[in-house]
Amino acid sequence: MAGKVNPYEEMKKMVDKAGKTLCIDPGMVEVLKSPKRELTVNFPVKMDDGSVRVLTGYRVQHNEARGPFKGGIRYHPQVDIDEVRALASWMTWKTAVVDIPYGGAKGGIICNPKTMSVGEIERMTRRYASEISIIIGPTKDIPAPDVNTSGREMAWIMDTFSMHVGFACPGVITGKPKEIGGSLGRPEATSRGLVFCVREAAKKTGMNLKGATVAIQGYGNVGAFAHKLIERDFGCKVIAVSDSQGGIVSEKALRYDEVWAHKQKTGAVKNFPGTKPISNEALLELKVDILLPCALENVITKENAGKIKAKISGEGANGPTTFEADAILAKNGVLVLPDILANAGGVTVSYFEWVQNNYNFYWTEDEVNQKLDSVITKAFHEVWDMHEKHKCNMRDAAYLVAVKRVADATRTRGFYP
Ligand code: GLU
């Protein structure tokens, strides 16, 4: 959501700040902030009623100093070029924080898939894939799911790209269904990485996770699986959840199995028996131990940051907290686990999926989950150590780790010509 705050400008402020602390020269900081390549595509889609609509989509490739471009594709009415630029650059910092050999990219189509038929979504997806096929590929830029896209869309993109090149090409995209080379553990990976970060943060702060109260904003892939894992693996008590249609709150723990079944049946979490309704805004301000914003950008701003009562805010979403809100949260002692660390589990298992595709050798789910745990836990501690060394918040620390890695790679490669 672009809203009043421009996420691309927000990202640039973070890189400027990290560049200053790291004494990186201004020219290099400019390189690090600038997206390398931006593609806008306007393309026709045949609708079910026989009409034709022209839709606009983007693919922004921010940086490839450390490896091929990597990042998801989102379908949302509020997609715009600055949002995609911000999301692309956050992928650069995210892949650098967890130290996987990728750069950052992002794609999006301005559309509302909730009002479209499956056939319309398929035709839109295939045409968009065809339009961006000139810049993506298994060694160039590897897309993945993001808001309102899932394995279904990834399968269509894999198929469309494979039809173009004339052979099956699973490594062009990640987050695929397992029948066509998807990795075991990928659907839950973002949430699993998030709860690993919460686990490490709880150890550092002495929080007992058993019975700790949790509020989750967003009940898509990330929020729903976070509910499942934080309840099942740590015994946390989730008391509020929400989706785009509103939220529910209860004094008793909301059970994942039941809420998920209700959402499957009715299309939303609202009206779940035995709960009271709560708005998305009010959910953020609940007195809970752990808040998990797992929806869209800019939901914690300077207007409401002072009202956040959670001890830990684990960012399953990209960019949920604005630059100004961050300072307020830090002042109030809210420990923020920043997006580029906390939701990096998704792209980490995307990396594992791509490695498995390239090797044509597949891992068990346990192997995937254990490797994910090592990557996220190592990254968490590197960021934590940076936060202690520089006496800064976890987001600043994560940017210090990431910006240094990308700057070092850029310097090592040198500038062409
Ligand atoms: N869209 C996810 C993210 O923002 C996953 C990206 C990927 O797997 O490439 O991290």
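The values are calculated or read from the model by the stated rules, or taken from the named source; none is laboratory data. Keep in mind it's a predicted model, so treat the numbers as computed, not measured. In this analysis, Cβ positions are derived from the backbone assuming ideal geometry, glycine residues included, and neighbour counts consider all displayed protein chains. With ligands, DNA and RNA removed, areas are computed over all heavy atoms of the protein, side chains included. Shrake-Rupley method; radii C 1.70, N 1.55, O 1.52, S 1.80 Å.
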Quiz item: For labels at GLU303 and HIS381 in the simple 7 Å Cα→Cβ model, what's the distance in nm?
Solution: 4.2 nm
Quiz item: In the chain, carbon and sulfur make up what percent of the accessible area (probe 1.4 Å)?
Solution: 54 percent
Exercise. Round to the nearest 10 and report in Å² the accessible area of LYS36, as given by a 1.4 Å probe over the protein chains' heavy atoms.
Key: 120 Å²
Quiz item: How much solvent-accessible surface does ILE278 expose, in Å² to the nearest 10, with a 1.4 Å probe and all protein chains in place?
Solution: 30 Å²
Quiz prompt | Exposure ranking of MET124, MET158 by accessible area [1.4 Å probe, largest first] | solution = MET158, MET124
Practice problem: State the extension gain, in nm to one decimal, for the chain segment bounded by CYS23 and ILE134, taking 0.36 nm per residue of separation less the distance between their alpha-carbons. | Solution: 36.2 nm
Quiz item: Where in the chain lies the longest segment free of GluC sites (Glu not before Pro) that are both loop residues by DSSP (not H, G, I, E, B) and have at most 15 other Cβ atoms within 10 Å?
Solution: 1-250
Quiz item: Which loop-located chymotrypsin sites (Phe, Trp or Tyr not before Pro) does segment 112-175 contain, where loop means any DSSP state but H, G, I, E or B and the Cβ has at most 10 other Cβ atoms within 10 Å?
Solution: PHE167
Quiz prompt | Estimated dipole of segment 274-417 in Debye, rounded to 20 [Cβ of Lys and Arg +1, of Asp and Glu -1, Cα centre] | solution = 480 debye
Quiz item: For the charge dipole of the chain, defined by +1 on Lys and Arg C-beta atoms and -1 on Asp and Glu C-beta atoms about the Cα centroid, which residue among GLY247, THR364, MET154 has the Cα displaced farthest towards the positive pole?
Solution: GLY247
Quiz item: How big, in percent, is the set of alpha carbon pairs in segment 151-287 lying more than 25 Å apart?
Solution: 39 percent
Practice problem: Mind giving me the FRET efficiency for LYS46 and ASP99? R0 is 45 Å, r the Cβ-Cβ distance, nearest 0.05 is fine. | Solution: 0.55
Quiz item: Residue by residue through segment 4-18, which ³J(HN,Hα) values in whole Hz follow from phi under the Karplus form 6.51 cos²θ - 1.76 cosθ + 1.60 (θ = phi - 60°), with glycine and proline marked x?
Solution: 7, 8, 8, x, 5, 5, 4, 4, 5, 4, 5, 5, 4, 5, 5
Quiz prompt | Selected from GLY220, GLY316, GLY72 as most flexible by GNM, with the chain as the system and alpha-carbon contacts under 10 Å | solution = GLY220
Quiz item: Using Cα pairs under 8 angstrom and six or more residues apart, how large is the relative contact order of segment 1-130, in percent?
Solution: 27 percent
Practice problem: Take the alpha carbon atoms of segment 225-270, find their center, do the same for segment 111-183, and report the distance between the two centers in whole angstrom. | Solution: 29 Å
Practice problem: Using θ = phi - 60° and the Karplus relation 6.51 cos²θ - 1.76 cosθ + 1.60, list the HN-Hα couplings for segment 177-192 in order, rounded to whole Hz, with x at every Gly or Pro. | Solution: x, 5, 4, 10, x, x, 8, 4, x, 5, x, 8, 4, 4, 5, 5
Exercise. Enter the accessible area per residue of segment 56-136 (Å², integer; probe 1.4 Å; all protein chains in place).
Key: 25 Å²
Practice problem: Would you tally the net charge around ASN318, using a Cβ to Cβ cut-off of less than 13 Å, leaving ASN318 out, and scoring K and R as +1, D and E as -1? | Solution: -1
Practice problem: For segment 36-102 and segment 289-317, compute the distance between their C-alpha centroids and round to whole Å. | Solution: 25 Å
Self-check item: Residue-averaged 222 nm ellipticity for the chain, from DSSP H runs of 4+ at -39500 (n - 2.57), nearest 500
Solution: -15000 deg cm²/dmol
